[in-house]
Amino acid sequence: MKRLITWSFATALLLAASQANAQAPGGTTATPGKSGAASDPNAPATIQQVHNINAKMIQIGKLAADRGTTPEVKQYGQKVAAEHQRLDSELSQIAQKRGIQLRPAEQITSEQGHVASLQPVMSKSGIEFDRAIIDALVTERENRVPELKRLRDQTPGSDAELKGWVDKMEVSMEKMRNEARDVRQAVRQDQQQQQRQGRKPQ
């Protein structure tokens, strides 16, 4: 009988320890990720922030593709829109698995600050529009690359899925930043050629 009581007490202690280990810091239950590791508590904010970037870049890419006058700008705009649509589709799957509701893209792109930032570009036409929008795209990527590095570095290693995805997006943005610089150079050369030929830029 004494052995039975001792065994029951030991079992109770093991169960209590197991329940304590299942608790995340701060007394909240850890949410297992795809790999079983606890996810980042800042994940919802990180995912929404990157979704905002994607929504705006899809819009700007389509704008460049639709209103661009040089082949380089039109093709690059198409590439920007397609790449960010692909990235956002992957991000939406990650958000869905975590039960995170993303804001509609229309709501993001209609924000007053974003609309105001595009006004100087929208007021131009012809190659002046091309210059303005490619300059905006270069600046956007130069600003976003360090932002994505920061988001990646602040995501804990225990959330490998999100950390790996942000790293992949950061690499993509670096590549497209370099391509944007090449397109900007091509547009400048085209504008200079028009000026040398005595033509008013269209």
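Below are the figures for this structure:
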{"read-out": "Hits in region 58-98 (condition: among the basic types (Lys, Arg) and part of a helix (DSSP H, G or I))", "value": "62, 67, 74, 79, 86, 97"}
{"read-out": "Enumeration of residues in region 66-82 that are open to solvent by less than 40 Å² (accessible area, probe 1.4 Å), in contact (Cβ under 8 Å) with a residue 40 or more places away in the chain and closer than 21 Å to residue 171 by Cα", "value": "76, 77, 80"}
{"read-out": "Residues located in region 45-65, provided they are within 21 Å of residue 189 (Cα to Cα) and open to solvent by 10 Å² or more (accessible area, probe 1.4 Å)", "value": "65"}
{"read-out": "Any hit, region 180-190, residues being under 22 Å from residue 52 (Cβ atoms) and under 23 Å from the mean Cα position of the chain (by Cα)", "value": "yes"}
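Yes/no matrix, rows are residues, columns are (1) in a helix (DSSP H, G or I); (2) buried (at least 18 other Cβ atoms within 10 Å of the Cβ); (3) not small (Gly, Ala, Ser):
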position	(1), (2), (3)
113	yes, no, no
119	yes, no, yes
128	yes, no, yes
140	yes, yes, yes
151	yes, yes, yes
158	no, no, no
166	yes, yes, yes
174	yes, no, yes
177	yes, yes, yes
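The values are calculated or read from the model by the stated rules, or taken from the named source; none is laboratory data. A quick note: this is a predicted structure, and the numbers were derived from the prediction, not measured. FYI the Cβ positions are ideal-geometry reconstructions off the backbone, even for glycines, and counts take in every protein chain you see. Note: accessible area is taken over every heavy atom of the protein model, side chains too, but ligands, DNA and RNA are not part of it. Shrake-Rupley method; radii C 1.70, N 1.55, O 1.52, S 1.80 Å.
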